[in-house]
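Participant: Below are the structure tokens for one structure; questions will follow.
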Amino acid sequence: MKPLLSTTLGLTLGLSFAVSSVSAQTVLRVAGNFPEEHTATGAMEIFKEEVESLTNGEITVQNFPAMQLGGASENVDQVRSGAIFAVFTSIAYFTRSVPELEAVSLPFLFDNREAAFAVMDGEVGDVMDAALLEEGFVNLGYMELGFRHATNSARPLTSLEDFEGLDIRLQPNEVHLDSFRAIGANPQPLDISELYSALQQGVLDGQENPYNIIYTRRFFEVQDYLSDTGHFFDFINVVANADAFEALSAEHQEAVRTAMRTAVEWQRAEAAELDLQFRERLIAEGMQYDPLSDAERERLREATMGIAEQLKERVDPEVIDLVLSKVSE
């Protein structure tokens, strides 16, 4: 594969050079599909500032948050082709090409965010990074998207039976879709860019997302009921085009990785601090909040226990067993 480098001005490749008589400048174009006020967008700004500082301006980062370059699926394709350098998005949008990522998407896998990151920051993350690299992606870091919770406009969700027949949007992640089929719902994969209008028009009854996404995408305007199902813990990953990354000098590669570590550390802490604040904002906006009892959450867990075995039909069982073993440590 050829390096995505150019020495002409104005090109829109993910990695390009602006050449002057004094010095050459590398420009990295980075997309994000999170709203301006989301912590991931804040992390994009930190990444930009850190990269430019660490390289003394030899690298410039151009950020395009809030779906400026299209939806999540489009952004992933743009990174794959080299049209942009990197994207900040949910790991769900890489599961079609890197199904190993589904192993950390299993229902009720993590009890808390600390356990989730303890797993992802170790051997499991190394396995996922290697799988991404085989598909032409360099993973730069994992951030918190958070525990996902269900909303809808049909009825309060307080029991397993309440999910029966519910038309609900999910990310394009087969584990997620199979999990909701197992509890009797009718899940529909849809890009986040199309979701608000689908809810507004009544095409779907509901959706599921972390509190921060439900609020920053203003789904409270088109949804009535909120429940703290916490059925999946979701990660944001920052993924770069492998050719573009490898075309950087070793010094610049290290600067990019160092800058991302700073951005990841800030985002994780900020997301954890704000999580329940976003739930309170949703309630203040008029959503009816119905906490799920421990007994009903256990019933949901039991109804989805077979998903791990189903996943072994399309993902190396050793990967799944590794994840499960690390979770239980």
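The values are calculated or read from the model by the stated rules, or taken from the named source; none is laboratory data. In this text, all values refer to a predicted model and were calculated from it rather than measured experimentally. All Cβ positions, glycine included, derive from the backbone under ideal geometry; neighbour counts span all protein chains shown.
Participant: Scan segment 261-268 and give yes if some residue there is crowded, with 17+ Cβ neighbours inside 10 Å and polar (S, T, N, Q), otherwise no.
Facilitator: Yes: one or more hits.
Participant: Quickly run through segment 92-108 and pick out the residues that are of a type in the set (D, E, K, R) and touching a helix residue (DSSP H, G or I) at 6+ places or on another chain (Cβ under 6 Å).
Facilitator: Once the filter is applied, which keeps residues that are of a type in the set (D, E, K, R) and touching a helix residue (DSSP H, G or I) at 6+ places or on another chain (Cβ under 6 Å), segment 92-108 yields GLU100, GLU102.
Participant: Hey, does segment 98-106 have a residue that's assigned to a helix (DSSP H, G or I) and under 21 Å from SER193 (Cα atoms)?
Facilitator: no
Participant: Checking the structure you have, find out if any residue of segment 161-169 is surrounded by fewer than 20 Cβ atoms within 10 Å (Cβ to Cβ), outside the structural domain of ARG80 (by TED's automatic domain parsing) and either in a loop (DSSP other than H, G, I, E, B) or touching a residue at least 60 places away in the same chain (Cβ under 8 Å) (or both).
Facilitator: Yes, because at least one residue in segment 161-169 is surrounded by fewer than 20 Cβ atoms within 10 Å (Cβ to Cβ), outside the structural domain of ARG80 (by TED's automatic domain parsing) and either in a loop (DSSP other than H, G, I, E, B) or touching a residue at least 60 places away in the same chain (Cβ under 8 Å) (or both).
Participant: Moving on to the next point. Any residue at all in segment 140-157 that is assigned to a loop (DSSP other than H, G, I, E, B), surrounded by 23 or more Cβ atoms within 10 Å (Cβ to Cβ) and aliphatic (A, V, I, L, M)?
Facilitator: Taking every residue of segment 140-157 in turn, at least one turns out to be assigned to a loop (DSSP other than H, G, I, E, B), surrounded by 23 or more Cβ atoms within 10 Å (Cβ to Cβ) and aliphatic (A, V, I, L, M).
Participant: Oh, and also: Being closer than 21 Å to LEU190 by Cβ, in a loop (DSSP other than H, G, I, E, B) and without any contact (Cβ under 8 Å) to a residue 60 or more places away in the chain is the filter here, so list the residues in segment 35-91 that pass it.
Facilitator: PRO65, ALA66, GLN68, LEU69
Conditions tested, residue by residue: (1) within 24 Å of ARG301 (Cα to Cα); (2) modelled with pLDDT of 95 or more; (3) touching a Ser or Thr at 6+ places or on another chain (Cβ under 8 Å).
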position: PHE64; (1), (2), (3): no, yes, no
position: GLY70; (1), (2), (3): no, yes, yes
position: ASP77; (1), (2), (3): no, yes, no
position: PHE94; (1), (2), (3): no, yes, no
position: LEU101; (1), (2), (3): yes, yes, yes
position: LEU109; (1), (2), (3): yes, yes, no
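Participant: Within segment 61-82, which residues are of a type in the set (A, V, I, L, M, F, W, C), touching an Asp or Glu at 6+ places or on another chain (Cβ under 8 Å) and surrounded by fewer than 21 Cβ atoms within 10 Å (Cβ to Cβ)?
Facilitator: Within segment 61-82, just ALA66 meets the criteria.
Participant: Please name all residue pairs, on different chains or six or more residues apart, with Cβ atoms under 6 Å, provided the first residue is in segment 247-267 and is without any contact (Cβ under 8 Å) to a residue 24 or more places away in the chain and not assigned by TED's automatic domain parsing to the domain that holds VAL27 and the second residue is surrounded by 14 or more Cβ atoms within 10 Å (Cβ to Cβ) and assigned to a helix (DSSP H, G or I).
Facilitator: Partner pairs satisfying both residue conditions: none exist.
Participant: Counting only residues that are surrounded by 15 or more Cβ atoms within 10 Å (Cβ to Cβ) and over 16 Å from the mean Cα position of the chain (by Cα), which one in segment 111-125 is farthest from HIS231 (Cα to Cα)?
Facilitator: Looking at the filtered set, the residue picked out is VAL124.
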